[in-house]
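Notes to accompany the following structure.
The values are calculated or read from the model by the stated rules, or taken from the named source; none is laboratory data. The model shown is predicted, which means the values in this text are computed figures rather than measured ones. Neighbour counts run over all protein chains shown; Cβ positions are idealised from the backbone, glycine included. Protein only, heavy atoms only, side chains kept; ligands, DNA and RNA dropped before computing areas. Shrake-Rupley method; radii C 1.70, N 1.55, O 1.52, S 1.80 Å.
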Amino acid sequence: MRASLRRVLIAIAILLAIAPVLTQDAFYQRIAALVVLAAISASAWNVIGGYAGQVSFGHSVYFGIGGYAALLAFTKLGLPPIAGAPLGILASFVLSAIVGLPSFRLRGHYFSMATIAIAALAGLLVTNWGYAGGAIGLMGPATPRSPADLLFRSPLPYYAIFLVVLAILLVLTWWMERSRMGFYLRAIGSGERAAASLGVPIRRYKLYALFISGAFTALAGSLYAVMIGFIDPDSGFGILVSVNMVVMAALGGAGTLFGPLVGAIILVPLEETTNALLGGGGTGAAYVAYGVIIMLIARFSPGGLAQFLPRIAARKSPRAA
Amino acid sequence: MLLEARGIVKTFGSFHAVDGADLTLAENELIGLIGPNGAGKSTFFNCLAGEARPTLGKIRFRGADVTALSSAAHAGLGLARTFQVPIVFEGMSVRENVMVGAFLRHPARRRAEEKADEVLEFTGLAAQADMLATALGTAGRKRLGIARALATEPILLLLDEALAGLTSAEMEGAIALVERIHARGITLVVVEHIMEVIHRLTRRVLVFNQGRVIAEGTPAEVTHIPAVIEAYLGRRAQGSPESRAP
Amino acid sequence: MILLQLAADGLLLGAVYALFSSGLTLIWGMMNVINFAHGDFVMLAMYVAFFAFTLLKIGPIFFVPLAAMALFGLGVLVYVALVRHVMRGPMLAQILSTFGLALFLRYAALWAFSANFVSLPDNLVGGVYQLGGIRLSASHLLAGGTALVLTLGMHLVLTRTDLGSRMLAVSEDRVAASLVGIRAERMQALAWGLGAAATGVAGGLIVLFFYVSPEVGNAFTLLAFVTVCLGGFGSVPGALIAGLLIGVIESFSAYWLGPATKDVVVFALFVVLLWVRPQGLLGRA
Amino acid sequence: MSITRRGILAVPALAALPAMAEAAAPVRIGCIEPLTGNAGSAGQSIKQGITLVLDIINTPHPDLAPLPLAATSGLPRLGGAKVEVIWADNQGSPAVGQSDALRLITQDHVVALCGAYQSSITLTASAVAERYGIPFVAGESVAANLTQRGYKWFFRTTPYGPDFGKLYLDFLAYVAATGLAVGKIAIVHENTDYGTSVAGSITEAAKARGRTIAQTISYNANGTDVSPQVLALKNGKPDVVIFVSYTSDSILYMKTFHTLGYRPPIVIGDDSGFSDPAFPKAVGNLAQGALNRSAFVPGKPDSITYKINALFKQETGRDLDDTTARAMQGFFVLCDAINRAGATAPDAIRAALAATDLPASRLMTGYKGVKFDSSGQNTLAYSLVIQLQGAAYVPVWPLAEATAKLALPFKGWT
């Protein structure tokens, strides 16, 4: 019982309360929306990558599927893009079952490498798939046809929608964390052999975790496509999409409820502001700064920043060597 | 008969780690499994626990064939084990570690917690319940391993060198714990190196050598069988390294 | 004839992959640390070689060792300042740190050298050899040959020398190694240095036939990871065989199925192979 | 704290200005380009080019007089207001480009946007401009779909896919008339949006004339090896090979041609990689006779283009390439429209852009003029065919604009 429901609700309430403060400035609103969007995919990754300790570098597969589902629904069926989100989630389940199961035999780096390869494969296949726009990608509606197209000039509505999804995910994760499933996933993450000896059905629980993780990542992909209005193989399936999820979760604290959110709250504004302040110089200084900060955090706080959240810090004591 | 293993063979490539071993266990027995390193007892043990699937042979548990079942399924049937090198779940407290085991029979969190507390009390870990499990020392970790296994409410518990590496005071405590577990009606198989422990705990011992059971009897009996002395004690006297993996 | 040429090209390309991956095998296999900055190490080595040629006017005989030495220093520095502190931490902290390092190196290079593509003159090493209708460029041959020598050398050092066995001992059990008097810290710093130096040799040779830009590592990195993983972590000969295999598969599938699908074939085979054989080609179970 | 940053101002010595020039508020334009990432070298070059245009506009350059705003200082109809550019790095990401656009509009209060090199990013960034009602001028993105969205605020000065297809086929028809075989055409293109869309346009242009493309090879950009592609060409024996590729691959293709001893009779590189100044530098000695398209040629020593090229070379040490020149041209057109609008209100600028009618004589590129149709596409956009002869490209077709004689077949190396 790491975080009480009250704390989850308080965190969400704080995020909500910040929103009106932001209403003055569209750019800040957009950063806030991007923070929440990144927090959704990082928190989704966290279920399998953090709690269950299966470090996936291929979650862009789900993100891409969600994004493409949304814009395929628009370009092929003329539906509002968001109508494609359930299709994306459905596809994520199928993919989890087909690709996840055989990969679960793999341990550690081998699992990570397999997921990287699967994501790279998916990206290449979509690149060569003319029906889905191939390398050129898919475009969302150029102008809103109806409110359901979710095309807003202000980023605030996106912020609100993303926040609802994040809230659902966090409450679900909170519930999972304190239920049998959460215990089982954490046990799997720290020792599969020991977990199995206590009757934990490893593959089944990994699959459950992947279902939740993949579905929310796909949803995040759909939301991304709705907001940005464009998806191509690189922005959907690119390795950086996966790496960002991992880095955010790890930075904030993988396997903790708020870790990915903390990571997103730090990294997204950092990225946006360093790009705003230094990007125009064109020297790459933004990335240099970004890289140094990440290294410093990894060096001095290897467990992620969430360990500085008061209550959790009290529970962590130095590991016996 | 609680457990019956017949003609167990386990090969790795051309190497016969277990080469036709048998074992029968009655309800509420407490037996010892001894033998020199590399004798195959750990592999045999892994076969019993469902972690390794025997190449040949059958294992029946309460009459049902469990040979091909997974480790998790064994736990579900009431066949639990501990590990020689205890694996504790990182980032979880001692209580949470035990709850992982308790969830097997008690899916509801509250009940699992109650069960865990009961086991912690029984194993003498109650005072450390809220500590991070990784903060425990060797003795504590071994004890935690036993507690976790007990939380699955086993019928048969396989203890893999649960006492190795303990100080003599810790060992006394551990022996007392094993006896209390036995007193609860749980059947026990103990793999142990320390003959003194075997002498004190068990009435029946199986001696392994080169993948086979070469002797069976009371501790006192087997230690007088020449083959055992030669194979086991003799080789130990030559000082085969304790740490080498069997 | 085209098939022979394809096979030759594939083998040479594969040797380049093996060369590119050699340092990664050592670091990844021995330390169990994924170095996300590996491609950027190669990139830096290529720049060292490039500037050694353009500014100091020295040829490959000198700039390859120079790149190796520079990278050796960088490897040790990275180990001492960064990796040492995260090595025994969670896997994610390792990933985070080398990912940060990769960003830092790549964009520091962009800052210092600009994004422009540069390359060395084409005729630095010999020209083109004709072997019964097969055409091979001297620089590729040199790179391929060096890959073989380097792999063999690394394998021999690891398996036949005292230094190698001490390094392996540390990689297998740090504590036990310390107990028998091996200075684990020093061995690991050395392993990073040697891994990076091998990377330096790779960069110094690849620059002979490839362009250089701050992003150049990208072209190879993913394939290098696949190569090392396919070979089985820490297996130096495994990486060589895996590299050659990937090169040949790419060459033929690019010709027969079209170049856009060659990586599809490689990645698909890789995933299926992992499913069937989870420990890699030559890795231990 | 406000996340804003002073733009890179090409501010000349202020003392040189007449003291009477009261400081009219500078006019801010946002430029979104790939300053880092795979396309970083192109973005950096565009930045240098537009910085040069700023200097030409903001300080008097009477010698460049035919160009809009060159002779005067600043924007005369806005009280001599200086033009200022706020730069943004799109990092090669459509999402970042969109963030850039929003930030430039809402924080830096730019009056118009230009960019963004990659068509995919131009697409997402201009969508923000459309929602905010801010003009967006694309000087260098060529994907056809950009001007098919029915946008009101989007203008494109550059020629795009279909124009190139037409150009190449016209050119090949001319070559055929000289007696060389051009029957078998092969297209080798990288398979991101640039390569795919341009290759598609060429194929369609061919189809429209009842011709087919004999061989189409699509490959992943920034690869490690291109030998199989070259072997496939060698095997297919096309008369004409058209490359649509980025710099890294273009360099590798020429090196591999040499290694495998392959010389197709006609090699055409579609801009991008073949136009990168790094290309002639790296493999110029292996690519003699390679053809390319360009909207920019330096021309004769007293021409405007020659002088601009000289200024650019003075700054950067290299010749102006086609992509940079097209971006600069787009920026000139935008500034000219703002000046004609006489105001910085978006509506006024839009109206002025829509009314643009610049003749060829007032352009720095080889376009036949700038005049937008209702979709925002410049209907007079145009390119020339140039050929790598020695260290530099020279215009070889159409003959009216040629300064050198077309030399075929492709020579490669000696």
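The table for this structure:
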read-out	value
Of residues in region A:121-136 being at pLDDT 90 or above and open to solvent by less than 20 Å² (accessible area, probe 1.4 Å), the one farthest from A:Gln54 (Cα to Cα)	A:Val126
Entirely in region D:41-155, the strands (runs of 3 or more DSSP E) that have 1 or more residues that are within 15 Å of the chain's Cα centre (by Cα) and of a type outside the set (S, T, N, Q)	D:112-115, D:136-138
Helices (runs of 4 or more DSSP H) contained in region D:188-282 and holding at least 3 residues within 20 Å of the chain's Cα centre (by Cα) and buried (at least 24 other Cβ atoms within 10 Å of the Cβ)	D:193-208, D:247-260, D:272-275
Within region B:54-70, tally of residues that are buried (at least 18 other Cβ atoms within 10 Å of the Cβ) and under 17 Å from A:Gly191 (Cβ atoms)	0
Residue match in region C:41-64 (condition: open to solvent by 10 Å² or more (accessible area, probe 1.4 Å), touching a residue at least 12 places away in the same chain (Cβ under 8 Å), over 25 Å from D:Asn38 (Cα atoms) and more than 16 Å from the chain's Cα centre (by Cα))	yes
Filtered residues of region A:168-208 (kept if surrounded by 23 or more Cβ atoms within 10 Å (Cβ to Cβ), outside any helix (DSSP H, G or I) and not β-branched (Val, Ile, Thr))	A:Leu198, A:Gly199
Flag if D:Arg263 is more than 14 Å from chain C (Cβ to nearest Cβ) and in contact (Cβ under 8 Å) with a residue 12 or more places away in the chain	no
Residues located in region D:96-120, provided they are at the interface with chain A (Cβ under 8 Å from one of its Cβ atoms) and either at positive phi or among the basic types (Lys, Arg) (or both)	D:Arg103
Filter result (of a type in the set (S, T, N, Q) and over 18 Å from the mean Cα position of the chain (by Cα)) within region D:283-330	D:Asn285, D:Gln288, D:Ser303, D:Gln314
Qualifying positions in region C:83-114 - in contact with a Leu (Cβ under 8 Å, 6 or more places away or on another chain) and within 12 Å of chain D (Cβ to nearest Cβ)	C:Ala109
Every residue from region C:105-121 that is open to solvent by 30 Å² or more (accessible area, probe 1.4 Å), in contact (Cβ under 8 Å) with a residue 24 or more places away in the chain and outside any strand (DSSP E or B)	C:Arg106, C:Phe113, C:Asn116
Subset of region B:106-131 [outside any helix (DSSP H, G or I) and either open to solvent by 20 Å² or more (accessible area, probe 1.4 Å) or at positive phi (or both)]	B:His106, B:Pro107, B:Ala108, B:Gly124, B:Asp130, B:Met131
Residue match in region A:263-280 (condition: buried (at least 24 other Cβ atoms within 10 Å of the Cβ) and closer than 24 Å to A:Leu170 by Cα)	yes
Lone unmet requirement of (1) crowded, with 24+ Cβ neighbours inside 10 Å; (2) in a helix (DSSP H, G or I) for C:Arg186	(1)
Some residue of region C:246-253 being among the charged types (D, E, K, R), open to solvent by less than 10 Å² (accessible area, probe 1.4 Å) and within 14 Å of chain A (Cβ to nearest Cβ)	yes
Any chance C:Val207 is over 19 Å from C:Leu158 (Cβ atoms), of a type in the set (A, V, I, L, M) and buried (at least 24 other Cβ atoms within 10 Å of the Cβ)	yes
Hey, B:Glu51 at the interface with chain A (Cβ under 9 Å from one of its Cβ atoms), open to solvent by 50 Å² or more (accessible area, probe 1.4 Å) and either under 24 Å from B:Gly7 (Cα atoms) or assigned to a helix (DSSP H, G or I) (or both) or not	yes
Any hit, region C:18-40, residues being assigned to a helix (DSSP H, G or I), of a type in the set (A, V, I, L, M, F, W, C), surrounded by fewer than 20 Cβ atoms within 10 Å (Cβ to Cβ) and within 16 Å of the chain's Cα centre (by Cα)	no
Odd one out for A:Phe211, checked against (1) touching a Ser or Thr at 6+ places or on another chain (Cβ under 7 Å); (2) assigned to a helix (DSSP H, G or I); (3) within 7 Å of chain B (Cβ to nearest Cβ)	(3)
Residue list for region B:201-221, filter: over 20 Å from B:Thr11 (Cα atoms), crowded, with 19+ Cβ neighbours inside 10 Å and touching a residue at least 24 places away in the same chain (Cβ under 8 Å)	B:Leu201, B:Thr202, B:Val205, B:Leu206, B:Pro219
Contacts under 9 angstrom Cβ, first residue in region D:107-121 being more than 18 Å from A:Ile136 (Cα to Cα), partner in a loop (DSSP other than H, G, I, E, B) and of a type in the set (A, V, I, L, M), 6 or more apart	D:Gln107/D:Ile3; D:Val110/D:Ile134; D:Val111/D:Ile134; D:Val111/D:Ala345; D:Ala112/D:Ile134; D:Leu113/D:Ile134
Looking only at region B:71-93, and only at residues there that are more than 7 Å from chain A (Cβ to nearest Cβ) and part of a loop (DSSP other than H, G, I, E, B), the one that is most open to solvent (accessible area, probe 1.4 Å)	B:Val85
Qualifying positions in region A:145-166 - facing another protein chain (nearest Cβ under 9 Å) and under 16 Å from A:Ala70 (Cβ atoms)	A:Leu151, A:Phe152
Test: residue in region A:244-261 that is farther than 17 Å from A:Ala42 by Cβ and either out of contact with any helix residue (DSSP H, G or I) (no Cβ under 6 Å at 6 or more places or on another chain) or within 14 Å of chain C (Cβ to nearest Cβ) (or both)	no
Test: residue in region C:7-15 that is open to solvent by 30 Å² or more (accessible area, probe 1.4 Å) and under 20 Å from the mean Cα position of the chain (by Cα)	yes
Criterion (among the small types (Gly, Ala, Ser) and open to solvent by 30 Å² or more (accessible area, probe 1.4 Å)) met by exactly one of C:Gly127, C:Gly100, C:Gly144, C:Gly164	C:Gly127
Count of residues meeting criterion [touching a strand residue (DSSP E or B) at 6+ places or on another chain (Cβ under 7 Å) and either assigned by TED's automatic domain parsing to the domain that holds B:Leu104 or at pLDDT 90 or above (or both)] in region B:51-77	12
Evaluation of D:Tyr168 against (1) assigned by TED's automatic domain parsing to the domain that holds D:Gly43; (2) closer than 22 Å to D:Thr323 by Cβ; (3) of a type in the set (Ser, Thr, Tyr) (one fails), failing number	(1)
